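Here the structure is laid out as C-alpha cells; the discussion comes afterwards.
The values are calculated or read from the model by the stated rules, or taken from the named source; none is laboratory data. From a predicted model like this one, the values you see are computed outputs, not experimental measurements. In this analysis, Cβ positions are derived from the backbone assuming ideal geometry, glycine residues included, and neighbour counts consider all displayed protein chains. All accessible areas refer to the heavy atoms of the entire protein, side chains included, with ligands and DNA or RNA removed. Shrake-Rupley method; radii C 1.70, N 1.55, O 1.52, S 1.80 Å.
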Amino acid sequence: MELGIARKKALVCASSKGLGFGCAQALAREGVDLIMNARTEETLERSAEALRAETGVNITTVAADVTSEKGRAAVLDAAGAVDILVTNAGGPPPGLWKDWSRDDFIAAFDANMLTPIALMQALMPGMMERGWGRVVNITSQSVKGPIPVLGLSNTARAGLTGFVAGTARQVASHGVIINNLLPGIHDTDRALSLDQGVMDAQGITMDEARAVRMAGIPAGRYGTAQEFGATCAFLCSQFAGFMVGQNIVLDGGALNATI
Ligand code: NAP
C-alpha cells in the first residue's frame, strides 16, 4: 500500500534506536525526509546513515535531549516547518508508589507529558496554516492498563492522553490529525532493562525473566520495532485523516479488555 506521503518532512524524536527508530525507518521507506534526534551523537549518526543508505531520503540529525528546553529549541530550530511529528523520549524509571518525590513526578511530567505538548504547540500552528499535518505520540499500554512498577509513566502519560483527547478534536478540521500509539512490550533496549529489573527482583535468569514477561502476552512474543513503525507510518499517511484522537494499543493482546 502506497501511503501517499513521499517528500513530506517528519520530525521523529528519540529515534536512534528502538521504537523511535522503527518509526523513522518506516517513514523513510515511504520517501519521507527526516529530522532524527537522540542524545548520543554517535548512535544517532550511525542510524541516520543506515537509513540514508537504504532509502536515499534527506536526513538531518540533532543530538540533543529533547526533554530539556535547550535541547528542544535546537531540535525545533533544525526541524523548521514539518508535516509530521512523532513524539518520543525515554520512559521514567520503575519504582514503588510510596517512594516517588515531587521532583521524580516533575521529571516524568517534563519528559513524557510537557515535552510532547510543547512540540505540538510549536509545530501544529504551521501544519494548520498549510492545511495538513500528522502527529503520533508514542505513549504506553500503561495508559489503558496501569503497570504498577511504572507509576510515574502511568501518571504522566495519562496527562498527555487527556491533552490529546481534547486538542485532537480542535485541530482536525484544519487537516491536522493527532493519535497516540500505545506500545506493550517490544524487543528494545528499554524492554531489556525492564527484563533485568524482573531478573534482579526475583533472583532468576534473564531467560526466565523474559519467559515471565512473555507469559502475559497472548501473541507469545515481544513486538518488533518494525511492526511498530509500520503502524506509525499508517497513522502518518493520507489514509488516516478520519482517525482522530485515538489510542492504538500494540501489545500482542496483553491488555485483557473487550473494548
Ligand atoms: P529504547 O530502545 O531505550 O530507545 C530510546 C531512544 O530514545 C534512543 O534512541 C535514545 O537515544 C532516545 N532517547 C531517550 N531519551 C531521550 C531524550 N531525553 N532526548 C532525546 N532522545 C532520547 O526505548 P524504546 O523501547 O524505543 O521506548 C521508547 C518509548 O516507548 C519510551 O518512552 C518507553 O517508555 C515507551 N515504551 C516502551 C515499551 C517497550 O517495551 N519497548 C513499552 C511501553 C512503552 P539516546 O539514549 O542516545 O538519547
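Observations on the structure shown:
- Portion, in percent, of the accessible area of the chain that falls on carbon or sulfur, probe 1.4 Å: 54 percent
- Relative contact order, percent, the chain [alpha-carbon distance under 8 Å, six or more residues apart]: 22 percent
- Highest mean packing comes first when the peptides 120-126, 251-257 are listed by Cβ atoms within 10 Å, giving 120-126, 251-257.
- Angstrom value of the Kirkwood radius, inverse mean 1/r, which spans all Cα pairs in the chain: 18.5 Å
- Among Ile35, Ile138, Ile106: highest mean-square fluctuation, GNM of the chain, C-alpha pairs under 10 Å: Ile106
- The stretch 169-259 pair-distance distribution - Cα-Cα, 10 Å bins, rounded %: 15, 37, 27, 15, 6, 0
- Cα-centred dipole magnitude for the stretch 125-259, charges only on beta-carbon of K, R (+1) and D, E (-1), debye, nearest 20: 500 debye
- For the stretch 19-112, a crude dipole built from +1 on the beta carbon of Lys and Arg and -1 on the beta carbon of Asp and Glu, taken about the Cα centre, is about 140 debye to the nearest 20.
- Coil-residue chymotrypsin sites (Phe, Trp or Tyr not before Pro) of the stretch 177-259, DSSP, other Cβ within 10 Å capped at 15: Phe242
- Contact order normalised by residue count of the stretch 114-229, Cα under 8 Å, 6+ apart, percent: 26 percent
- The stretch 218-255 versus the stretch 26-41: alpha-carbon centroid distance in Å: 18 Å
- Counting only cysteine Cβ atoms and a cutoff under 4.7 Å, the chain contains unmatched residues Cys13, Cys236.
- Pairwise label distance in nanometres, Glu45 with Ala201, each label 7 Å out on the Cα-Cβ vector: 3.9 nm
- Averaged per residue, the stretch 155-250 has 46 square angstrom of accessible surface, using a 1.4 angstrom probe with ligands and nucleic acids left out.
- Extension gain for Glu227-His174 works out to 16.2 nm (0.36 nm per residue, less the C-alpha to C-alpha distance).
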